[in-house]
Structures are given as structure tokens and as C-alpha cells.
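Have a look at the structure below before the remarks.
Since every read-out is calculated from the coordinates, none of them should be taken as a lab result. All values derive from a computational prediction rather than experimental measurement. Backbone-built Cβ (ideal geometry, glycine too); neighbour counts: all protein chains shown.
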Amino acid sequence: MELRDDDQSQMFSRPERDRDVMNHWERLLNGEECSSDALRRLIDDSWRRCLNAHVDPGKYQAPPPLSENSLYSLQQKHGDLLTASTPVMAMARDFLAETGTIMVLTDHSGTILSLEGDPATRDEGAMMNMMPGASWSETACGTNAIGTAIAVRHPVQIHSAEHYCAGIKRWTCSSTVILDPYDNSVLGAIDVSGLQQTYNKHSLALVVATASKIEGRLAKHEMGIRFRLLERCMHRLTHSTSDGVIVFDRRGNPVKANERAEQALNQLSEGRIGSRKLDIASLTLGHATDDGLPAGLQGWIAPEWLEPVLDNGQRIGTLLTIPIFKPRSVQGTTMPVGATSVAHEPSKLDCVVGKDPVLMEAVERARHLSRSNVPVLLLGETGVGKEVFAKGIHDCGSAKAAPFVAVNCGGLSRELLATELFGYAEGSFTGARRGGMMGKIEAANGGTLFLDELGEMPLDMQPHLLRVLEEGEIYRLGENTPRKVKFRLIAATNRDLRKEVTDGRFRMDLYYRVAVTSVRIPPLRERLGDIPVLSRALMEKLAAHHGVPVPQLTASEISELSSYSWPGNVRELRNILESMLLTGERPRALMTPEAARGIQLFDAPLATDHGMVFGGETRENRRLEEAERDAILGAIDGSHGNMALAARSLGIAKSTLYLKLKKFGLDALVERAREVHAKGH
């Protein structure tokens with residue numbers, strides 16, 4: 001959570017002003033209007049909330065704790081929070097014992113769930129009901145770190161006289177909220193408290209760090225539940241069925257759908273629930289319970305369509321199966337088995353060359369998904385043709401006449417990417433274009449937005465994209481007025497976004513927003529049988545582009561092409577074929593240095609540093625390495641240190657480029673190239 005400078009100054013107590021704070025409290029209770037530099041605005045606001053809530057300032061303890069049974073039920077309800085917090089709080093035991101303090105975990109309302117720390121301080125705290133089951137909200141105990149942190153949703157420190165109730169003024173405490181990693185709602189609070197002589201400014205840093213660790217463990221736990229949910233439902237999603245299937249998580253939000261789900265919803269909209277349009281991304285079932293129907297069940301959903309998904313006896317989600325009602329056949333007509341009622345029109349998906357079953361399955365899945373407007377995530381390595389699939393999905397959709405706008409999230413700096421996506425208002429920064437500029441998201445209004453290399457998007461920019469997807473409106477940089485947008489999102493990545501979420505580099509909520517459905521595009525090395533037909537098709541296109549006769553590939557050349565593992569996939573194949581067309585060289589001479597050393601060839605033995613490759617000596621290897629090093633130097637210089645652009649110009653992944661930099665000892669050149677570029681501007 002970002003805090004303004006004045007908010008940060010409000011977090012810390014100032015014990016040296018205790019006497020002035022006490023005088024202010026007494027005057028406030030006497031009904032006097034007064035101001036004092038000693039009193040923080042945070043405390044003044046909290047005291048006034050307590051006055052309005054008629055909190056007794058003479059209180060010396062919290063209300064009595066819950067009964068044993070009620071406390072047990074509450075702890076069961078917040079089991080995930082307790083499980084995530086227990087080991088983190090245990091790590092602070094030594095610090096708590098040495099400083100004479102205790103650490104307290106509460107739920108979102110301020111009711112204590114568990115407590116750790118110094119035994120003597122725990123006994124002192126028990127005298128004012130600081131124990132599991134007791135409420136420490138502002139309305140129950142007046143101004144205190146737990147209740148006030150929950151009220152303002154950011155870290156606070158309350159010391160001695162700053163407490164509202166007289167019986168708590170001999171304590172000092174620091175607290176912050178624990179936020180749900182899924183939707184940023186308050187799950188609870190973590191607090192460090194002790195008698196006033198234990199005051200330590202760094203206690204606030206401890207609770208903030210503890211809350212962050214707990215949130216990280218909660219995110220990992222939530223992701224694990226999602227993975228198990230998808231594993232248990234995958235056979236239902238991929239199994240051939242004539243019905244629409246949607247998987248909802250335990251909160252009742254959609255996670256995954258099969259290709260027929262949109263069709264089923266459209267049929268419901270037309271025939272069962274009037275003209276109201278249903279969108280998968282906006283559906284909700286409410287929080288799933290261990291028994292009975294989910295809360296907030298919408299009326300158009302028949303109870304028999306729902307099926308709980310269980311894991312070790314715990315409900316982790318819900319499966320919704322929506323039947324698709326087949327239209328009655330016209331009397332006297334029959335349809336042959338295997339025939340389809342609607343033949344699809346030729347599209348760019350038909351331009352995908354190959355007969356490999358996995359590729360054909362990806363093409364057909366993309367064709368099915370094109371009939372709906374749900375977000376699609378294209379998964380595949382660099383160069384497999386993700387943009388071809390994206391354009392194909394757009395061309396097969398109902399908005400094929402609308403714009404198709406592509407943005408590469410990995411090829412631009414953070415600042416350039418922000419202006420590319422969101423646009424900017426006139427005068428928003430030095431050099432801004434007169435009249436401002438429309439961003440790519442706005443340009444895609446009514447059509448399709450294709451975000452390539454989504455995994456490269458900076459973490460701090462992801463909430464802004466999520467807001468656009470959730471609210472359907474965009475703010476240009478420097479503007480305060482939203483602009484309505486509606487588009488179909490197709491994203492692509494060569495990263496494992498689930499791992500990126502676990503590692504904290506990609507937002508969980510954005511992941512589940514963009515990955516409602518997905519298509520995996522196989523790498524070229526997994527479909528080497530397509531090399532002959534793909535090579536001939538590419539050569540015909542290249543020859544037409546360059547205005548030269550189409551050369552015939554020999555059996556030997558096809559064999560060489562088919563023996564390579566193609567780390568750059570179809571893009572690399574196209575580059576090599578173009579070089580063959582223009583130079584007349586054989587494929588093997590044009591392949592990457594790694595291939596020339598025998599690393600990538602399936603039928604060649606791996607070469608060592610002292611071995612021979614293709615009949616050449618080690619001297620040839622050194623020459624190839626020198627050529628590779630020169631190519632990398634040229635690419636980095638030409639891109640002014642932009643690693644994504646340098647990798648793209650070399651036709652390799654950015655991660656591969658970093659490995660090569662380390663290999664050749666060129667790491668320092670990146671910073672030097674950037675410095676030169678900065679001075680030139």
C-alpha cells in the first residue's frame with residue numbers, strides 16, 4: 001500500500017509529548033475545542049470517532065472474550081490466516097522475549113485470534129482482556145493500534161497517552177492490517193504491544209514485515225488451492241462434451257471455462273433470461289460453503305447444474321455445467337453423422353501450416369474461442385506464431401471488421417509502455433504532443449487488444465490494466481476524466497505466469513482475469529514432421545516478397561532443416577530460409593553457432609571444447625564464437641542497451657541473451673551503452 005508523506009509522518013508516536021497529549025485529551029473530554037502541535041491528526045480523528053461512538057473513556061479493559069466454543073468457531077473460520085501466521089509469529093519469539101512485548105493476531109473486526117510473546121507481559125495484558133476472543137476494535141476499546149490500523153488501513157503506532165481509554169494509557173503498541181492477496185480486503189491485523197517503557201520506534205517495522213510475510217504465505221496457499229482446483233476439473237474442461245462448463249473458485253469467481261461455455265450463456269440469454277447478456281468474466285456464485293448451495297446464487301442457475309469440487313474433504317470450488325439445448329430438427333430433413341451445421345469461413349487461422357495433431361488441436365481451440373469475447377491467453381515460446389493465432393482469433397470473431405491493435409509489453413521501457421497503452425493528455429509532460437495522444441487500449445475500442453509478452457509488464461503497471469479490464473474505462477496520463485472502452489483481450493506470454501504469481505512478479509487477480517481460457521501453441525521442435533510443408537510454404541511467400549523464382553528445396557536441405565531443434569521456432573526457420581533464398585547457402589551454414597557446434601542437432605554427437613564439429617577444427621569454433629560475440633555487441637549498441645530490443649534483433653529470447661552476455665563477459669557493456677545513449681539525448 002502506497003502512503004503519502006503526510007500519512008507516513010502520522011504513523012509514528014512521539015513519546016516526548018505525552019504530557020501535552022494528555023492535556024489535550026482532558027480538554028477534549030470537557031468539551032473544549034483546542035488544537036495542539038503535540039497531537040497527531042491520526043489521533044485527533046480517532047478520538048473524535050470514539051466520541052461519536054460514545055466509547056467510555058474511563059474503560060480499563062476490553063469487553064469479555066468470546067466463549068470457548070465461539071472462539072473455536074471463529075478460529076476455524078479464519079483457519080487460512082492462522083495457518084499462514086503461526087510460523088511467522090513464532091520466528092519473532094526471541095525478539096518479543098528480549099523486549100518484554102507480545103505479538104497479537106486479530107481478524108478483520110479486531111477480535112484476537114492468537115497471541116505470542118513474553119509471559120509476564122501476557123499476564124499483564126490478560127488483566128485488560130488482551131487475550132484470544134476479545135475485541136480490540138475502536139468501538140470496543142477506543143483508540144488503540146489494532147482498532148485504529150483497521151479503521152485507517154495502514155500502519156500506526158499508538159503510545160501511552162494517545163490511547164482513548166484511561167485504563168490502556170500505560171501501554172504502547174504498533175499495528176498494521178493484513179490484506180487479502182486476492183482482492184485487497186482486510187483479513188486481520190498484526191500487533192506488537194508492551195508496557196510504555198518498552199516503546200521502540202522499530203516495532204512498527206517489525207509488524208509491517210510480519211504482515212508482508214503472512215500475505216506472501218497466503219498468496220502461495222491461495223495459488224496452491226487454485227492449482228488443485230484446476231487439476232481436479234481439467235478432465236471435465238477438456239473432455240468432449242456438448243455442454244458449457246465453468247469452474248469457479250471457493251469465493252465463487254470464474255477461473256476457467258471450456259469452449260462451449262460462451263455458447264451456453266448466449267443460449268440462456270436468448271431463450272431463458274430475456275435479452276440480458278451474460279459474460280463469463282462478470283459471473284459470480286458467492287462464497288462457496290462446505291455444504292448447501294453457494295451464497296448469492298443467481299436465479300437463472302438451476303441447482304442441479306452445480307457440483308462441489310472437494311479436496312481432502314474441503315470444498316475448494318464449484319463446477320457449473322450449463323446444458324446446451326439442441327434446436328428441433330426440421331421435419332423430413334436429416335443431418336449426416338459428423339456433419340456440421342455451419343461451415344467456418346476461411347480465416348488467418350487457415351494460414352497456419354502443418355498437420356501435427358497438437359497444432360491442429362490448438363487451431364481448432366482458437367477457432368472455438370473466437371466465437372466468444374472471453375479473454376484468451378496464448379502460451380508458447382518466442383517465435384511460435386502467437387500473433388498469427390491472435391489475428392486469427394480476431395478475424396474469426398464477430399468484430400473482425402473492428403481494429404486489431406497489438407502491443408509488445410517487453411520491447412518498451414516502463415514510461416513508453418505506459419504512454420503506448422494509456423495515451424496522454426496535452427501538456428501532461430515535457431514534449432507531449434499537442435492535443436495529447438490516444439493510447440493503444442483506446443484505439444482497440446470495439447475490437448481486439450493483443451498484449452504480447454504480457455509477463456514482461458512491470459508489476460506496478462499491472463493494477464492499472466486490471467482496472468481497465470474490470471471497470472471498462474481508461475484514464476489518459478494527465479487526465480482525471482475516464483473514457484469508456486470495450487474490447488476483446490488476447491494476451492500472449494512465453495513465461496509460466498503461475499510461477500510468476502508465486503514468486504511475486506505477477507498479480508494473482510490479473511492472472512485470473514486474463515487467463516479465463518488459454519491456447520498452448522507447440523514449439524517447432526515438437527512438430528518436426530511439419531518442416532517440409534512449412535518450409536515450402538514459407539519459401540513461396542518469401543520468393544513472392546522478393547520477386548524471385550521459387551527455389552525447390554532438395555531432400556538433403558529438408559533433412560538438414562528437420563535435424564535442427566529450432567530454439568527460435570518458426571521465426572528462426574523463416575530467417576534461415578530467407579538467407580538461403582538470397583545467398584544460396586545451405587541450411588547448416590546459416591544455423592546458430594550453437595547448432596554449428598553440434599549442440600542442437602539430434603543426430604550429431606555433442607561436441608566438446610576439444611572436439612571436431614562437421615569436420616571443422618576447434619579453430620572454426622573460435623571463429624564462430626567471435627562472430628557471435630560481434631553480433632551481440634552490435635545488437636546491444638544498436639538498441640542502446642535495451643535488452644529486449646537487442647534479443648529481438650538477434651532472434652533469441654532475452655533470457656538466452658543474458659546467458660550469452662555472462663559467457664562472453666559483456667555485462668558491463670549494457671550499462672555503458674545506456675550511459676552513452678543518455679548523454680546523446
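Counting beta carbons within 10 Å around each of Leu71, Leu659 and listing the fewest first gives the order Leu659, Leu71.
Note on region 348-522: Cα Rg divided by 2.2 N^0.38 Å, N the number of residues, gives 1.04. Measuring r between the beta carbons of Leu459 and Lys541 and using R0 = 45 Å, the FRET efficiency lands at 0.70. Taking a ≥ b ≥ c as the square roots of the eigenvalues of the Cα gyration tensor, an a/c ratio of 1.5 or more together with a/b larger than b/c marks region 526-567 as prolate. Computed over region 5-218, the P(r) curve from all C-alpha pair distances, binned at 10 Å from the origin, holds 9, 37, 37, 14, 2 percent per bin. Each of Trp136, Trp300, Trp47 was scored by other Cβ atoms within 10 Å of its Cβ. Listed from fewest to most, they are Trp300, Trp47, Trp136.
Simple point charges give the picture: +1 on the Cβ of Lys and Arg, -1 on the Cβ of Asp and Glu, and for region 5-218 a dipole about the Cα centre of about 160 debye. Could you tell me whether region 467-510 comes out rounded, prolate or oblate from its Cα gyration tensor? Rule is a ≥ b ≥ c as square roots of the eigenvalues, rounded for a/c under 1.5, then prolate if a/b exceeds b/c, otherwise oblate. Since a/c reaches 1.5 and a/b is larger than b/c, the shape of region 467-510 is classed as prolate.
Computed as a quarter of the hull surface, the mean projected area of the alpha carbon convex hull for region 350-401 stands at 3.7 nm². Put in line by how crowded their Cβ is, counting other Cβ atoms within 10 Å and starting with the fewest, Thr111, Thr99 read Thr99, Thr111.
For Tyr60, neighbours were defined as the other residues whose beta-carbon sits under 14 Å from its Cβ, and their charges (Lys and Arg +1, Asp and Glu -1) total +1.
Prolate is the label for region 49-88, because the ratio a/c of its alpha-carbon gyration tensor axes (a ≥ b ≥ c) is 1.5 or higher and a/b is greater than b/c. Checking the Cα-Cα distances for Lys213/Lys256; Lys391/Lys484; Lys220/Lys256; Lys400/Lys486; Lys220/Lys654; Lys541/Lys660 against a 21 Å cut-off, the pairs over it are Lys213/Lys256; Lys391/Lys484; Lys220/Lys654; Lys541/Lys660.
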